[in-house]
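Structure, as structure tokens:
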Amino acid sequence: MASYKVDVGGLLAGGRQRLVVDQQVELEPFEGVTFEPARVHLEMHATGEVLEIAGTLDTEFHGECDRCLGEVAREMHVDVDEQLDTGPEAQKDPFGASNVLTGDRLDLKDLATQLVCSAIPLGLLCGEDCKGICPVCGENKNTGACTCVTET
Ligand SMILES: [Zn+2]
Ligand SMILES: [Zn+2]
């Protein structure tokens, strides 16, 4: 299994250097959505106790259309611009963005997972004009299999 831990200790120690991470990250499925390995390119540097992370994440995800349950595949591009509080209190917050940090180790997989999960569109559709599933016969209306007469 690949390691996604990045040592940011040098940055947090007050060094003025930048750390560039260019890595492919495998992502776990999330709420029925699966991901191709993400290409992550990040530049990090620290200002005091704040770790600044900027860069991009690119992947492709597969999910289900909200209306017809057909498969949807989409490219995903995320612009990353995060400022993480590296203090011990912030790291302990399970719902805070800083929980990707453990001491001076940053978990790239946790970070990538947070980024893609917040970028998944709500109400994913196979197309803007998706007709959905017929409530009467249960067929996918996009395929023409439904022959019900609509009463108004
Ligand atoms: Zn659909
Ligand atoms: Zn029908």
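Residue-wise test of (1) closer than 21 Å to ALA54 by Cβ; (2) over 21 Å from the mean Cα position of the chain (by Cα); (3) away from ligand 2 (no atom under 12 Å from the Cβ).
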site	(1), (2), (3)
GLY96	yes, no, yes
ALA112	yes, no, yes
LEU115	yes, no, yes
CYS130	no, yes, yes
THR143	no, yes, no
CYS148	no, yes, no
If we keep only residues of the stretch 88-108 that are among the hydrophobic types (A, V, I, L, M, F, W, C) and open to solvent by 40 Å² or more (accessible area, probe 1.4 Å), then the residue nearest to VAL20 (Cα to Cα) is ALA97
Picking from ARG39, ARG105, the residue that is away from ligand 2 (no atom under 16 Å from the Cβ) and touching a residue at least 24 places away in the same chain (Cβ under 8 Å) would be ARG105
Counting only residues that are assigned to a loop (DSSP other than H, G, I, E, B), without any contact (Cβ under 8 Å) to a residue 40 or more places away in the chain and within 14 Å of ligand 1 (Cβ to nearest atom), the stretch 128-143 contains a total of 4
Of the candidates ASP104, ASP81, the one satisfying the condition of being at pLDDT 95 or above, acidic (Asp, Glu) and out of contact with any Phe, Trp or Tyr (no Cβ under 6 Å at 6 or more places or on another chain) is ASP81
Residues in the stretch 125-151 that are open to solvent by 60 Å² or more (accessible area, probe 1.4 Å), closer than 30 Å to GLU75 by Cβ and out of contact with any helix residue (DSSP H, G or I) (no Cβ under 9 Å at 6 or more places or on another chain) total 5
If we take the stretch 1-119, then strands (runs of 3 or more DSSP E) inside it with 1 or more residues that are closer than 30 Å to THR143 by Cα, of a type in the set (Ser, Thr, Tyr) and touching a helix residue (DSSP H, G or I) at 6+ places or on another chain (Cβ under 8 Å) are 50-64
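The values are calculated or read from the model by the stated rules, or taken from the named source; none is laboratory data. Because the structure is a prediction, the values reported are computed rather than measured. All Cβ positions, glycine included, derive from the backbone under ideal geometry; neighbour counts span all protein chains shown. Ligands, DNA and RNA are excluded from the accessible area calculation, which covers all protein heavy atoms including side chains. Shrake-Rupley method; radii C 1.70, N 1.55, O 1.52, S 1.80 Å.
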